[in-house]
Structure formats: C-alpha cells, structure tokens
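K.L.:
One structure coming up, written as structure tokens, with questions to follow.
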Amino acid sequence: LSTDDGPEGAVSRLVADPHQPRTLHTLMADGLYRSLDDAQSWERVASEDGARPTVIATDPATPGFLALALEREGGQTAIRASGSCGEAWEDLEVLPRPVHGLAVIPSDGRRWLVIAGREGCLQRDLAAPGVMPTEVAPGLAGFYAVASATNAAGVAFVALAARSGGGVWLSSRA
C-alpha cells in the first residue's frame, strides 16, 4: 500500500463512510482528512490551532453526517458536526474534559450523539443544544469507548466500554 499525495504521520483513527463506498476519513495530529477516491488523494476538512482531533463518528442513517471531537490544550474538548461530509461544520458543545468516544443513535424519532468520557456518558439531541448525563450504573469510573448498532429485529442500541475493569455495558434500547 502506498500513496504519493496524502497525510503523513501517525493515524489515530480511520473511518469508512457508510454511505459512500469510496470515501474515507482519517484523524491525524493536525486535523481530519477526507479521501473521496479510495485514498488516492486526501484533503484536510477540519482543524483547529492548538487542538488535536481525537474521535470521529458517522451516522449510519444520515448520509454526509460526521461528528468530531477536538481536544484543546488544557483538556477541553470541542465537539463539532457536519451534515456535508466535512464541507461545513457546526459547533455543538465545548466540554471541560477529554472525550474518548462518539456514536450516533436514533431514539424516539430523534437522533442523539452519545459521548463517552472519563467522567461518564453524556447524550445530546442533535436537534437541540445542551448535553445531558446518562446514568449507566453507579460507581463506574467512566468509559473508554462507545458504539451504536441496530440488531436483527431493527432495535438500535449502544455499547459502552467501561474504564477500570468495569466491563461492557449494553443499552436495553436506544
């Protein structure tokens, strides 16, 4: 594998777009890069001075949707969303701590961004401002990652990987 024209350096995440088979997104220290041609060429579509992109999520139900976490100096995390495959971005939230995982899930006719971090799990309705804490279980020391999926019966659910040997937690429904 090789490419002559692309981002160079350590890749922290590589995500395939679920709606566009030739589109890839990769997180590098200096930003989010996108390829629309099976990694033949790349362009940077998001960055912020003094911030490092740490997590990206797509929405399996919404073409072009991306959520991005950018960790700033001092530990704050800016969360942004794009409905245009990275062409334009909307600032959603600035959280006081690092974010370790993002996932999008439908619930009750709305789309939610689930945010996993050291302090716990948060949710944000993508149509309204503000985050809400989600109680998973008492005594957990936060989460390393979050993923969303839909089971064979068509029910959406979330899986959270807990820190400090806390196991993997599955929602009973979205």
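K.L.:
With the cut-off at 16 Å, report for region 106-174 the share of all Cα pairs above it, as a whole percent. Spell out each step's value before the answer.
P.N.:
Details: 1078 of 2346 pairs.
It works out to 46 percent of all Cα pairs.
K.L.:
Output wanted: per-residue J couplings in Hz (rounded whole) for region 60-75, from phi through Karplus 6.51 cos²θ - 1.76 cosθ + 1.60, θ = phi - 60°, x for Gly and Pro.
P.N.:
x, 9, 10, x, x, 7, 9, 10, 9, 10, 10, 7, 8, 4, x, x
K.L.:
With a ≥ b ≥ c taken as the square roots of the eigenvalues of the C-alpha gyration tensor of the chain, please select rounded if a/c is under 1.5 and otherwise prolate if a/b is larger than b/c or oblate if it is not? All intermediate terms of the calculation are to be shown ahead of the outcome.
P.N.:
Values: a/c = 1.72, a/b = 1.38, b/c = 1.24.
Cα axes put the chain in the prolate bin.
K.L.:
Ignoring ligands, DNA and RNA, what percent of the 1.4 Å accessible area of region 1-98 is carbon and sulfur?
P.N.:
Working: 2400 of 5230 Å².
That fraction is 46 percent.
K.L.:
For region 71-91 and region 106-173, what is the separation of their Cα centres, given in Å?
P.N.:
19 Å
K.L.:
Let me ask something additional. Rounded, prolate or oblate for region 78-135? Axes are the square roots of the Cα gyration tensor eigenvalues, ordered a ≥ b ≥ c, and the cut-off for rounded is a/c under 1.5. Provide the component values of the computation, followed by the final result.
P.N.:
Numbers: a/c = 1.86, a/b = 1.20, b/c = 1.55.
Since a/c reaches 1.5 but b/c is at least a/b, the shape of region 78-135 is classed as oblate.
K.L.:
Once you have the Cα-Cα distance between Glu119 and Met132, take 0.36 nm times their residue separation minus that, and quote the gain in nm to one decimal. Mind showing how you got there, number by number?
P.N.:
On the way: separation 13, 0.36 × 13 = 4.68 nm, distance 1.26 nm.
Residue separation times 0.36 nm, minus the Cα-Cα distance, leaves 3.4 nm.
K.L.:
If you don't mind, another one. Using Cα pairs under 8 angstrom and six or more residues apart, how large is the relative contact order of region 77-174, in percent?
P.N.:
Details: 217 pairs, mean separation 19.1, N = 98.
In percent, rounded to a whole number, it is 19.
K.L.:
Glu90 to Leu36: FRET efficiency via 1/(1 + (r/R0)^6), r the Cβ-Cβ distance, R0 25 Å, to the nearest 0.05? Working shown, then result.
P.N.:
Working: r = 21 Å, r/R0 = 0.85.
Efficiency at R0 = 25 Å is approximately 0.75.
K.L.:
With the other protein chains left in place, how much accessible area per residue, in square angstrom, belongs to the chain at a 1.4 angstrom probe? Display every interim value, and only then the final one.
P.N.:
Numbers: 9290 Å² over 174 residues.
With all protein chains present, the chain gives 53 Å² per residue.
K.L.:
Leaving ligands, DNA and RNA out of it, work out the accessible area of Asp37 with a 1.4 Å probe and give it in Å² to the nearest 10.
P.N.:
40 Å²
K.L.:
Another question about this same structure. Which length gain, in nm to one decimal place, applies between Ala61 and Ala10 when the Cα-Cα distance is subtracted from 0.36 nm times their residue separation?
P.N.:
Details: separation 51, 0.36 × 51 = 18.36 nm, distance 2.98 nm.
Residue separation times 0.36 nm, minus the Cα-Cα distance, leaves 15.4 nm.
K.L.:
Residues in region 144-173, backbone N under 13 Å from the label point at Ser107 (7 Å along the Cα-to-beta-carbon vector): list them, ranges by number please.
P.N.:
Counting backbone N atoms under 13 Å from the label point, the list is 147-149, 156-160, 170-173.
The values are calculated or read from the model by the stated rules, or taken from the named source; none is laboratory data. On a predicted model such as this, the values are computed, not experimentally measured, just so you know. Neighbour counts run over all protein chains shown; Cβ positions are idealised from the backbone, glycine included. Ligands, DNA and RNA are excluded from the accessible area calculation, which covers all protein heavy atoms including side chains. Shrake-Rupley method; radii C 1.70, N 1.55, O 1.52, S 1.80 Å.
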